[in-house]
Amino acid sequence: MSNSFLKRFKKEEEPPEIEEPTPVWEDRIFWVSTLQKIAFPVLNNLARGSLRKNMPFESNSSQGQKFSYFEAFARVFNGIAPWLELGIDSSEEGRTREKYINLTLKSITNAVNPNNNDYIFVVEPKQSLVEVALFAQGLLRAKNEIWLNLPMDIQARIIRELKNTRIIAPYENHWLLFTSMIEAALLEFTGECDKERLTYAISKFRDEFYIGDSIYSDGEDFESNYYNSLIIHPMLNDILAVMRKYGLPDGEFLDVQLMRSSRLSSQLERVISPEGTYPLLGKSLSYRCGVFHLLSQAALLKILPRNISPAQVRSALTKVIQRQFNGNQNFNTEGWLICGLNASQVELCEDDINTGSLYACCAVFLALGLKSDDVFWSSPFQEWSSLKAWNGHLIQPDQPINF
C-alpha cells in the first residue's frame, strides 16, 4: 500500500494551543475587585444606617435573623482587615482602600450606637459570641488603620461590649476560642484581660483536642470538615501572637502551632482541583472559598511549607475565587450573596446558616494584606499541586511533619 494512499487518511497535526499566562498584576486586581463586589453592599449600607432595611434574610430557619446583620459585617471586616491595614497610598488601590477604611470606620460607629437604626452590636447568648470574636479578630488585624482611628468614645463602647460577653458560657469545643479571642483583643487594647478565659482554650486545644498531623477536633466526635481552616487554626495563631507579645507563658506554644498551621496549609493547597473546585466535606459549605481561611493566612504570615511556593498558592486561590465569583450566580439582583455553594442552593445550608453567615467567604482575602510587590503577588503563575500532578509534571509527595 502506497504512502500517498495512507496520507489521505492521516489527519494533519495542528500545533497545540498555548494559553498565554495572565499578567501577575491582574490576579491582584481581580482579588480586589471581587472583594469590593462582595463587601460593598454590607459596608455601604451599614455606613448609611440602612443595613437592616436593605439586607435580605434567607435561611432554612428564622431563628438567626436577629444576628444576621452583625454576622455579615463581622465576617466581611474579619476577612478584609489585613488589606485595610496596608493603609492609604497614591495608587488606585490605595485610594480604593481609603474608601473602604472610611466605610468601615463609619460602619463600626453605627453598629455600636444604640441610637442608630443599625445598632447591631447586640450581645446576647449565644450566637453573638461568635460574631463579637470575629469582629475582635478583625480589630487585631487592622489595629493601626481601624482601631486607632476610632474616636475614643467608640473605643470605650467597644471595650464595654467585649467585656459584656463574659456572661456567655461557651460550648466545650471550638467555641472556647471565641472567648479567648475576645480576651486577647482586650489585652491588646487595654493591657488587661481575664487570663483564665484567655488561656483555657489554648490548654484544651494543645493538651486534649490535638489529634495529629495538624488536625484538631472541636471537643466532640471528630468528623471531616473545614473547621480547622475556618476557625481553629486562624484563631489560635492570632491569639497566641498576642500572648507571646505580652510574655504570657502559654505564648511559647506559638512556634509549634505555626508549624501545625503550615502543615495544614499544605493539605489545603492539595485539595484544590485543577478546575478550582474542592471536596464538599462537612458543614458550612455555603461559606464558599472562606474554607481556605488558613491557607490565605499562612501566605500572609509567611509560614507556607518550603515545598509550596507563594505563587502556586496565589494561582490556586485565584482559580477558586474565579470559579465562584467570576459570574453572578452567587448574588441576587441587588448584589447580596445568596445561600448555596455555587448558585442558589439553600437546601445545602444548615439551619443556623443565613445571609449574614455567607460573608465568611471574605476570609480568603487575607493574603491581600501582603503588599503588591511581595513575592506572593509578583511571581509568575505557577501550577498548584493537583494541576502539576494531572498535567504529568514533577510533584513532590505529601510530607507530614514529625512533631
* Asked: If a residue has to be open to solvent by less than 70 Å² (accessible area, probe 1.4 Å), closer than 20 Å to Gly340 by Cα and of a type in the set (Ser, Thr, Tyr) to count, how many in the range 46-93 make the cut?
  -> 4
* One residue from Ser262, Ser214, Ser266 being touching a residue at least 12 places away in the same chain (Cβ under 8 Å) and on the phi > 0 side of the Ramachandran plot -> Ser214
* Asked: When you go through (1) farther than 30 Å from Ile120 by Cβ; (2) modelled with pLDDT of 95 or more; (3) assigned to a loop (DSSP other than H, G, I, E, B) one by one for Phe57, which number turns out not to apply?
  -> (1)
* Do we have any residue at all in the range 357-365 that's in contact with a Lys or Arg (Cβ under 6 Å, 6 or more places away or on another chain) and among the aromatic types (Phe, Trp, Tyr)? -> yes
* Asked: Can you tell which of Gly327, Gly282 is without any contact (Cβ under 8 Å) to a residue 12 or more places away in the chain and either among the basic types (Lys, Arg) or open to solvent by 10 Å² or more (accessible area, probe 1.4 Å) (or both)?
  -> Gly327
* Among the candidates Arg314, Arg263, Arg288, which residue alone is under 13 Å from the mean Cα position of the chain (by Cα) and open to solvent by less than 40 Å² (accessible area, probe 1.4 Å)? -> Arg288
* Meets criteria (touching a Gly at 6+ places or on another chain (Cβ under 7 Å) and either at pLDDT 95 or above or charged (D, E, K, R) (or both)) for Glu172 -> yes
* Among the residues of the range 115-122, is any modelled with pLDDT of 95 or more, open to solvent by less than 10 Å² (accessible area, probe 1.4 Å), farther than 29 Å from Gln345 by Cα and assigned to a loop (DSSP other than H, G, I, E, B)? -> no
* Output yes when any residue across the range 294-307 is under 25 Å from Ala389 (Cα atoms), basic (Lys, Arg) and either surrounded by fewer than 18 Cβ atoms within 10 Å (Cβ to Cβ) or touching a residue at least 60 places away in the same chain (Cβ under 8 Å) (or both), and no when none is. => yes
* Specify the residue that is nearest to Tyr287 (Cα to Cα); the eligible residues are those in the range 62-92 that are assigned to a loop (DSSP other than H, G, I, E, B) and aliphatic (A, V, I, L, M). => Leu86
* Would you pick out the residues in the range 111-164 that are of a type in the set (S, T, N, Q) and in contact with an Asp or Glu (Cβ under 9 Å, 6 or more places away or on another chain)? -> Gln127, Gln137, Asn144
* Asked: Mind checking which pairs have a first residue in the range 127-155 that is without any contact (Cβ under 8 Å) to a residue 60 or more places away in the chain and farther than 14 Å from Phe77 by Cβ and a second that is part of a helix (DSSP H, G or I) and open to solvent by less than 10 Å² (accessible area, probe 1.4 Å), Cβ under 6 Å, 6 or more apart or different chains?
  -> Leu129/Thr165; Leu129/Phe178
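The values are calculated or read from the model by the stated rules, or taken from the named source; none is laboratory data. Just so it is clear, the structure is predicted and the values come from calculations on it, not from any experiment. With ideal geometry, Cβ positions are generated from the backbone for all residues, glycine too; neighbour counts draw on all protein chains shown. Note: areas computed on protein heavy atoms with side chains; ligands, DNA, RNA excluded. Shrake-Rupley method; radii C 1.70, N 1.55, O 1.52, S 1.80 Å.
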